[in-house]
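The values are calculated or read from the model by the stated rules, or taken from the named source; none is laboratory data. Since we're looking at a predicted model, the values are computed, not measured. Note that each Cβ is placed from the backbone with ideal geometry, even for glycine, and that neighbours are counted across all protein chains shown. Surface areas here come from the heavy atoms of the whole protein model, side chains and all, with no ligands, DNA or RNA. Shrake-Rupley method; radii C 1.70, N 1.55, O 1.52, S 1.80 Å.
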Amino acid sequence: MPAEVIKALDLSHSYNSAEVLSGITFSMKRGDYVGLVGPNGSGKSTLIKLILGLEPPSRGSVEVFGRGHKDLTDWNRIGYLPQKINFFNPHFPSTVREVAALGLISAKGPARTPGGKRAAVDHALELLNIADIGDRLIGDLSGGQQQRVFIARALVSGPELLILDEPATALDPETRDNFFSLLSELNKQKNVSIILVTHDIGSMGKFASKLMYLDKKIIFYGSFDEFCRSDTMTQIFGPSSQHIICHKHG
Ligand code: ADP
């Protein structure tokens with residue numbers, strides 16, 4: 001397996017001829033945990049869509065696990081939690097288990113799960129602490145509970161790369177802490193590579209190994225040590241916020 005999980009080369013993207021991403025070149029190694037930050041509208045979600053092949057780039061290329069999208073057959077190696085889950089009809093009569101199990105279906109057919117599908121779903125529900133509500137209808141749950149079900153869906157295939165777009169917004173503080181700890185554990189113990197898009201730089205600073213600051217271009221991409229020493233980042237965050245982020249990371 002190549003050491004690089006993602007390799008983007010000169011990626012650019014325009015919507016209706018307005019360029020929103022320009023010349024994005026970076027690579028991410030297996031086991032990296034990248035916090036992706038930047039102002040609203042800076043192109044974070046678009047970059048995620050380009051990585052996942054949900055939007056074709058206007059220019060440039062991206063490889064995931066050493067392959068272009070056309071050659072990537074095993075999409076179950078990627079777990080994705082989109083920012084907006086409101087494409088989903090809350091009145092759809094599916095149970096928590098059924099929604100979580102959707103993460104085992106890929107374009108190329110069912111995922112290979114060592115202990116069987118049921119065991120994989122059980123495990124994901126336990127990780128998110130929702131095993132006891134497995135038979136409830138998703139539409140009957142609170143926003144925070146629904147969010148946990150969608151996180152379970154992203155984790156159920158045991159992905160090697162997890163991409164999470166603002167995952168913690170609907171979670172109560174305790175669940176949020178548990179969730180960040182869980183991500184950290186998956187990263188450290190199972191070497192799962194993670195991209196976490198977030199506004200919550202404090203939480204991210206605690207766990208992520210790298211930080212990418214995007215504003216149409218990559219303004220900064222590096223380790224937290226580099227972040228703490230970056231004058232560009234001092235200008236953007238201000239010395240005290242930068243210090244707090246660095247302190248939390250330490
Ligand atoms: P972020 O995730 O950082 O908030 P986005 O990638 O969602 O940024 O958006 C980047 C820019 O592209 C914004 O100006 C946004 O309005 C625009 N944009 C995003 N999606 C679309 C779309 N489907 N059609 C047209 N413009 C879009």
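General remarks:
- If you take all other residues with their beta carbon under 13 Å from the beta carbon of residue 196, and give Lys and Arg +1 and Asp and Glu -1, the sum is 0.
- Per residue accessible area of the chain, 1.4 Å probe, in Å²: 49
- GNM on the chain, alpha-carbon springs under 10 angstrom: the most fluctuating residue among 184, 45, 14 is 14.
- Cross-link reach list, aspartates and glutamates versus residue 210, counting only Cα pairs under 14 Å and skipping chain neighbours closer than eight places: 32, 225, 226
- The Cβ shell under 12 Å around residue 130 holds other residues with a net charge of 0, Lys and Arg each +1, Asp and Glu each -1.
- Comparing mean-square fluctuations of 32, 200, 231 from a GNM of the chain with C-alpha springs under 10 Å, the top value falls on 231.
- Rel. contact order, % - alpha carbon contacts under 8 angstrom, at least six apart, the chain: 25
- Think of it as helices only: each DSSP H run of n ≥ 4 in the chain is worth -39500 (n - 2.57), and spread over all residues that comes to -10000 deg cm²/dmol at 222 nm.
- Fluctuation leader among 192, 20, 37 - the chain, Gaussian network, Cα springs under 10 angstrom: 20
- Counted charge near residue 220, where neighbours are those whose Cβ lies closer than 12 Å (Asp, Glu -1; Lys, Arg +1): 0
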